[in-house]
Amino acid sequence: MDGAKQLVIISGMSGAGKSLAVATFEDLDFYCIDNLPPTLLPSTVALWNSPKQAQNVAIAVDVRAGQFFEDLIPACRKICGSDLGHFHRPVILFLNASDAELVKRFKETRRKHPLVTKERGVLEAISLEREMLADLQEQADKIIDTTNLEPEGLRRLIRQFFGPSKPQERLMIAVVSFGFKHGVPLDADVVFDVRFLANPFWVPDLRDKDGTTPEAQQYILSDPLTEPLLEKLFDLVEFSIPQYVKEGKAYLTIAIGCTGGKQRSVVVANELAKFLAGSNYVVRVEHRDLHQLRGQTDAR
């Protein structure tokens, strides 16, 4: 069904990376539930099976359910065998790792395995967990062995399998204009200084025109330096943004600065945002200092 949502059931061995997986799905804008009692799985899916609920859903279920664990397999079978309406067929993602690697991770993090007791050590707990999850592993649609995976490797695989099909949709870009006199934005990943462009502030008729006005825009865009600046800026972001996507960056803030943040940076930021939107990136524009109170000596 067109427009159907994704439903991912995350399970697997304790220590194999489920928490990291849940965080990665959250970055992909999934609604995530961790450690849901299996009994509630069908009703939770039904709650989200509505066209009004547009988000994809990822639910982590495993042996932490304790006494409710025995309901896990029946609940998964019920969901997979049901007509889920606004969901695609559910996908079971199973995370695994070798015994030696799991023991190493529990020792390094000093976390307690959920099945460890006074009578049962880590190795015995891992062996018991494998036995308990064997049936679910057989039903899994996708198994990822994280034994030799760095955290970024797991994130990359999840993005590859479950992320947007278009790379442009995997990164949210903010283009922020600002004034250096008010400070560089704290969340800026990349900063460009455009104070070398012709400054409308020194033109009496344009002094009170901000960068959203046609007069100021025409003045700044007619500067002989503006066109080559924009060309080089567009070339740079066209080259670099796919590399950010490849590395798994979810948010990118590009800051464009002039003196006061009201004229030159506003125009350049708007032009850059239009270029990115034309390339189908998810982009928003923020003119941080456009409405700052202006003093008599404000050279924008």
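The values are calculated or read from the model by the stated rules, or taken from the named source; none is laboratory data. None of these values were measured; they are calculated from a predicted model. Backbone-built Cβ (ideal geometry, glycine too); neighbour counts: all protein chains shown.
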Only one of Val203, Val194, Val176 is under 17 Å from Gln292 (Cα atoms) and either surrounded by 14 or more Cβ atoms within 10 Å (Cβ to Cβ) or over 32 Å from the mean Cα position of the chain (by Cα) (or both); which?
Val176
Any residue at all in region 145-160 that's part of a strand (DSSP E or B) and either surrounded by 19 or more Cβ atoms within 10 Å (Cβ to Cβ) or free of Cβ contacts under 8 Å to residues at least 60 places away in the same chain (or both)?
yes
Of the conditions (1) surrounded by 14 or more Cβ atoms within 10 Å (Cβ to Cβ); (2) closer than 30 Å to Asp62 by Cα, Thr212 satisfies every one except a single condition; which number is it?
(2)
If we ask which residues in region 93-122 are surrounded by 15 or more Cβ atoms within 10 Å (Cβ to Cβ), assigned to a helix (DSSP H, G or I) and not β-branched (Val, Ile, Thr), their number turns out to be 4
Odd one out for Ser98, checked against (1) modelled with pLDDT under 90; (2) among the polar types (S, T, N, Q); (3) touching a Ser or Thr at 6+ places or on another chain (Cβ under 7 Å)
(1)
Taking the condition part of a loop (DSSP other than H, G, I, E, B) and either in the same structural domain as Ile158 (by TED's automatic domain parsing) or not hydroxyl-bearing (Ser, Thr, Tyr) (or both), does Asp205 pass?
no
Just to check your reading of the model, which residue among Val61, Val8, Val45 is within 21 Å of the chain's Cα centre (by Cα) and not small (Gly, Ala, Ser)?
Val8
Quick one: Val191 ticks every box in (1) over 30 Å from Glu150 (Cβ atoms); (2) at pLDDT 95 or above except a single one, so which number is it?
(1)
Residues being out of contact with any strand residue (DSSP E or B) (no Cβ under 6 Å at 6 or more places or on another chain) and of a type outside the set (A, V, I, L, M, F, W, C): count how many of those fall in region 21-34.
3
If the Cβ limit is 8 Å and pairs must be 6+ apart or interchain, which residue in region 223-237 that is in contact (Cβ under 8 Å) with a residue 60 or more places away in the chain pairs with which residue that is part of a helix (DSSP H, G or I) and among the aromatic types (Phe, Trp, Tyr)?
none
Quick check on region 21-31. Is at least one of its residues of a type outside the set (A, V, I, L, M, F, W, C), touching a residue at least 12 places away in the same chain (Cβ under 8 Å) and touching a Leu at 6+ places or on another chain (Cβ under 9 Å)?
yes
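Restricting attention to region 212-260, which residues are outside any helix (DSSP H, G or I) and in contact with a Gly (Cβ under 9 Å, 6 or more places away or on another chain)?
Selection gives Gly257, Cys258, Thr259, Gly260.
Based on this model, can you work out whether Pro90 counts as loosely packed, with under 15 Cβ neighbours inside 10 Å and not assigned by TED's automatic domain parsing to the domain that holds Val268?
no
Quick grid of which residues meet (1) under 12 Å from Arg264 (Cα atoms); (2) in contact with a strand residue (DSSP E or B) (Cβ under 8 Å, 6 or more places away or on another chain):
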{"site": "Pro185", "(1), (2)": "no, yes"}
{"site": "Pro204", "(1), (2)": "no, no"}
{"site": "Gly211", "(1), (2)": "yes, yes"}
{"site": "Asp223", "(1), (2)": "yes, no"}
{"site": "Glu227", "(1), (2)": "no, no"}
{"site": "Gln243", "(1), (2)": "no, no"}
Evaluate region 45-52: report whether one residue or more is modelled with pLDDT of 90 or more, under 18 Å from Gln6 (Cβ atoms) and assigned by TED's automatic domain parsing to the domain that holds Glu138.
no
